[in-house]
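Input: a single structure, listed below in structure tokens.
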Amino acid sequence: DGGITQSPKYLFRKEGQNVTLSCEQNLNHDAMYWYRQDPGQGLRLIYYSQIVNDFQKGDIAEGYSVSREKKESFPLTVTSAQKNPTAFYLCASRRTGARLDTEAFFGQGTRLTVV
Amino acid sequence: GQNIDQPTEMTATEGAIVQINCTYQTSGFNGLFWYQQHAGEAPTFLSYNVLDGLEEKGRFSSFLSRSKGYSYLLLKELQMKDSASYLCAVGRLTGGGNKLTFGTGTQLKVEL
């Protein structure tokens, strides 16, 4: 079945360590997105990518990095420079193009806790 | 940039109708989406508007006015399971691709 997969579902890390969150999709979608959600809040855009080897900063990119080496994969690294990394991270993908835009499909999310 | 505004909370009665409003300001508008999110879960898609007018899908309808930067989500025959957060999201064409930005969400509580 086609879908978008995030792993792991729960992740614990020590303060000061970098951590990479995985996001894979087999929907053949061009666009991929990373969002952060804090308790009781909406989704805030971290990074997005339209094509392989290209990505754009969202509204809260500081302390994060991404790569898009393959169409299917868009991993997010939470670096030690991110001051408050504990949050729920959501990855999404979407088909885009002239008259072909669809809704974004979300992975199940990764809940990151930094101790 | 984009400004997306939604009410923070709403309360409605089971069986009633509720309208959740969303206003936005953006350049390069490329569609407006509504999502439902239950606590601790990923958002699920409800509706999509790119042209002005009303889109109906069962108990859910969504309206868009591009000239006014305004949308609403209408939920009919409310059920207890409709208690959730409702997120408005705006698509925007940028030089780097299709940016998709979410509002802060409206927490809907359905009561007996």
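Derivation of every value follows stated rules applied to the coordinates shown; laboratory data play no part. What you see is a predicted model; the values in this text were computed from it and never measured. Positions of Cβ are generated from backbone atoms using ideal geometry, with glycine treated the same way; all protein chains shown enter the neighbour counts.
The figures follow:
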| quantity | calculated |
| --- | --- |
| Taking A:His29, B:His38 and counting other C-beta atoms within 10 Å, the order from fewest to most | B:His38, A:His29 |
| Least to most buried among A:Arg94, B:Arg59, A:Arg111 (fewest other Cβ within 10 Å first) | B:Arg59, A:Arg111, A:Arg94 |
| Ranked list, fewest to most other Cβ atoms within 10 Å of each Cβ, for B:Tyr86, A:Tyr10, A:Tyr47 | A:Tyr10, A:Tyr47, B:Tyr86 |
| Cα Rg, Dmax (largest Cα-Cα span) when computed across region A:22-115, Å | 13.0, 46 |
| Relative frequency of Cα-Cα separations exceeding 21 Å in region B:19-84, percent | 26 |
| Per-residue average of Cβ from other chains inside 10 Å of B:78-88 | 1 |
| Counted charge near B:Arg59, where neighbours are those whose Cβ lies closer than 9 Å (Asp, Glu -1; Lys, Arg +1) | 0 |
| Filter on A:Lys57/A:Lys83; A:Lys14/A:Lys57; A:Lys71/B:Lys99; A:Lys9/A:Lys57; A:Lys14/B:Lys81; B:Lys57/B:Lys99 - keep pairs with C-alpha separation over 29 Å | A:Lys14/B:Lys81 |
